[in-house]
Structures are given as C-alpha cells and as structure tokens.
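**Student:** Pasting a structure below so you can have a look.
A short reminder: the numbers here are calculations on the coordinates, not readings from a lab. Keep in mind that this is a model prediction, so the values were computed, not measured. Every residue, glycine among them, receives a Cβ derived from its backbone with ideal geometry; neighbour counts consider all protein chains shown.
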Amino acid sequence: MDLHHTARGSLVLTDAIRQYAEDKFQKVLDHHSFGIPIQRAFFTYGIERYMHKFTILVYASMHLKIRAEASTKDLYASIDAAFSILEAKFKKYHDLVKEHHKKSGSINQHLLWEDDTEIINREIDSENFKEMKEALLPPVTRNSKQILKTLLLEEAIMKMELSDEPCMVFKDERSLNLIALYKRHNGTYGVSEVVEPD
C-alpha cells in the first residue's frame, strides 16, 4: 500500500507528525476497515485561517474512493477527528453492503427518478436566463478526464456516500445506459438516465 504525505501552506511536516498519522491509519485498518483492501492513501496537512486542516483520501479496490477531513486549532486533534470520520465511513460502507445483500433494492427507496417533463421544464427555465448566466459565469480553469465506469446503481450510491462527491456519471450495468447520479439538498438522490430515442 502506498502512503503519500503532503504539507500545504506554512505547515512544516515533521517525522513525528507523519508517524502519528501512519500509526492512527494502521489502527483504523486493523480494527475498523472490515477487510476493505486499501491500495493508496493520501494525507494532506495544512493551515487555513488559523485552523489546522487534515484530509485523508483513500483509494480501495473496485475504484472505491473514501475521503475524510477535519479542521481544529490543533493538528493532532484534526488527525484524530479525521480518522474518526474515516472509521465511520468504513462502517457505513460495510453496513450498506451488508444491507444490500439482505434485501436487494433496499437503497432504491432513497432515489428520486425524474420524468421527462421535469427535465424539459428545467431546460426551458434555464433558456430564459441563459444570457444573464453566461455573463455571470466564471471561466473554466480546469478540465479533467475520468474513466467511465460500469456500475450498478447501488454501487454508485455507495461510492458517492463515501467520497462526498456531489455527482457521478457512470454506465449502468443492467441497462448499459449512461446515468447521472446526484445528491439533492434533502439527502435523497436524483437519477437522470440517457436513453436512445424511440
């Protein structure tokens, strides 16, 4: 497993801080990872507005990405808090997988499928304000490419829960259609599926 440490801002990264984070990570893996195979982990340390910020980004097998972050006035307290969040996310993933095996489709009750009229109405509304939005939108400063993954909807939801990503685009394993999955403000998920015209 690869471990990467990065210091941002004016923070000086010492061997003691590195060792403390690695020891905490090893304890989490030994006792709370539920056998999830970890491939790489990135630890980012920094100071933002007089707060010590610590971020963990863990890549596991099956393209699983788990992110945990904490900010406090003490760096060691931030490390402890971030690893507590990581433990909770490991447990959440384990419970979701366990529940999925008990009842297939149990996650579907949290989904909100949008019909075509809602999408069309939203597009009409956006056309009305298109010129104003274009004037106010900042320019695109960063482009990235990602591999299109073939997943079940339940797997995509688990990945979003663990990585705190607001949206995800993937190819559905059952229908082979392109699906955009996004988190709504009320905690449910929205699904927009791209289908061929009849």
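**Student:** Quickly work out the residue 98-to-residue 84 label distance, labels modelled 7 Å from Cα along the C-beta direction, and quote it in nm with one decimal.
**Tutor:** Result for the modelled spin labels: 2.2 nm.
**Student:** What distance in nm separates the simple spin-label points at residue 57 and residue 184, each placed 7 Å from Cα in the Cβ direction?
**Tutor:** Label-label distance for residue 57 and residue 184, simple model: 3.0 nm.
**Student:** Taking amide hydrogens as modeled 1.01 Å from N in the peptide plane, which residues meet the under 5 Å criterion relative to residue 152, leaving out close sequence neighbours?
**Tutor:** 173
**Student:** Points 7 angstrom from Cα along the Cβ direction at residue 176 and residue 198: gap in nanometres?
**Tutor:** Spacing of the two 7 Å Cα→Cβ label points: 2.1 nm.
**Student:** Using the Karplus equation 6.51 cos²θ - 1.76 cosθ + 1.60 (θ = phi - 60°), what ³J(HN,Hα) coupling, rounded to whole Hz, does each residue of region 11-25 give in order, writing x for Gly and Pro?
**Tutor:** Going residue by residue, I get 6, 9, 8, 9, 5, 5, 5, 4, 5, 4, 5, 5, 5, 5, 5 Hz, with x marking Gly and Pro.
**Student:** Compute the Cα gyration tensor for region 1-101, then decide on rounded, prolate or oblate, letting a ≥ b ≥ c be the square roots of its eigenvalues: rounded whenever a/c is under 1.5, prolate when a/b is larger than b/c in the other cases, and oblate in all that remain.
**Tutor:** prolate
**Student:** List the pairs from 91/183; 92/149; 92/171; 24/145; 24/53 whose alpha-carbon separation is above 27 Å, in the order I gave them. Walk me through the intermediate numbers first.
**Tutor:** On the way: 91/183 20 Å; 92/149 22 Å; 92/171 24 Å; 24/145 33 Å; 24/53 16 Å.
Violating the 27 Å Cα-Cα cut-off are 24/145.
**Student:** Subtracting the Cα-Cα distance from 0.36 nm times the residue separation, let me have the gained length for residue 148 to residue 7 in nm, one decimal. Mind dumping the intermediate values first?
**Tutor:** Numbers: separation 141, 0.36 × 141 = 50.76 nm, distance 3.12 nm.
Result for the pair: 47.6 nm of gain on full extension.
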